[in-house]
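Please treat every number below as a calculation from the coordinates, not as lab data. Quantities reported herein were computed from a predicted structural model and do not represent experimental measurements. Cβ sites come from the backbone with ideal geometry, for glycine too, and all protein chains shown count toward neighbours.
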Amino acid sequence: MRQITSWRHYRLVPDSVLPRDWHSWVLDRGSLTKRLIQVSHGDFHVNICHQSWEYPKPNETLALQLGGRRKALVREVELICGGEVWVKARSVIPGSTLSGVETQLKNLGTKPLGAFLFKSRSMRRKAIELARFSAKDGDDFFGRRSIFLLHDKPLLVSELFMPIVLTISKDEQYN
């Protein structure tokens with residue numbers, strides 16, 4: 001999978017940037033975890049692909065305003081519904097964020113990060129940025145990323161939506 005557009009914020013998202021049928025998923029500001037659990041009727045789990053301390057990508061360092069070369073806790077997961085990957089997610093958590101209650105973020109295991117974020121009364125979400133990706137077969141995928149603040153401490157969450165999310169009818173999405 002390769003990124004074909006850079007991360008960008010839009011006040012109004014044109015259909016040329018994000019086709020209308022992707023809007024309800026990619027632009028939803030609620031808990032993705034909660035939505036996936038509802039849509040899959042509870043057949044949901046998190047598969048951890050990778051978690052380690054590493055240097056964030058340059059665009060992540062810039063988004064998080066991390067000065068110098070600082071390592072962060074990077075967690076890459078697949079959000080699976082009904083045995084299929086619906087979303088791939090990458091979280092970048094600066095070491096300075098992992099204090100107080102947020103220390104728990106180091107040991108989430110297969111618990112979804114979204115459940116932690118949306119349970120926190122201190123959580124604030126900054127603007128959603130969008131990007132387009134393409135697979136080798138030519139399919140386009142769409143991603144979003146946001147900075148979340150927990151007690152004013154940042155972490156960056158990027159999510160890449162697989163086309164399977166489009167197979168769910170709007171009526172089924174909120175059952």
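Structural remarks
- Residue among THR103, THR167 that is closer than 19 Å to ASP21 by Cβ, surrounded by fewer than 18 Cβ atoms within 10 Å (Cβ to Cβ) and without any contact (Cβ under 8 Å) to a residue 24 or more places away in the chain: THR167
- Figure legend. Inter-residue proximity from the stretch 60-75: first residues within 13 Å of LEU155 (Cβ to Cβ), second residues among the basic types (Lys, Arg) and buried (at least 19 other Cβ atoms within 10 Å of the Cβ), beta-carbon distance below 9 Å, spacing 6+ or different chains. Indicated pairs: GLU60/ARG90; GLU60/ARG145; ALA63/ARG145; VAL74/ARG90; ARG75/ARG90.
- Positions within the stretch 92-131 being among the charged types (D, E, K, R) and either assigned to a helix (DSSP H, G or I) or in contact with a Pro (Cβ under 6 Å, 6 or more places away or on another chain) (or both), in sequence order: GLU102, LYS106, LYS119
- Any hit, the stretch 70-84, residues being exposed (fewer than 12 other Cβ atoms within 10 Å of the Cβ) and over 16 Å from LEU160 (Cβ atoms): yes
- Close pairs from the stretch 4-22: first under 25 Å from PRO58 (Cα atoms) and touching a residue at least 24 places away in the same chain (Cβ under 8 Å), partner surrounded by fewer than 15 Cβ atoms within 10 Å (Cβ to Cβ) and of a type in the set (Asp, Glu), Cβ under 9 Å, at least 6 apart: ILE4/ASP140
- Residue match in the stretch 57-64 (condition: over 15 Å from the mean Cα position of the chain (by Cα) and surrounded by fewer than 11 Cβ atoms within 10 Å (Cβ to Cβ)): yes
- For the stretch 1-48, a residue qualifies if it is under 30 Å from ASN107 (Cβ atoms) and surrounded by fewer than 12 Cβ atoms within 10 Å (Cβ to Cβ), and the qualifying residues are ARG29, GLY30, HIS41, GLY42.
- Qualifying positions in the stretch 14-54 - farther than 15 Å from GLU159 by Cα, among the charged types (D, E, K, R) and in a helix (DSSP H, G or I): ARG20, ASP21
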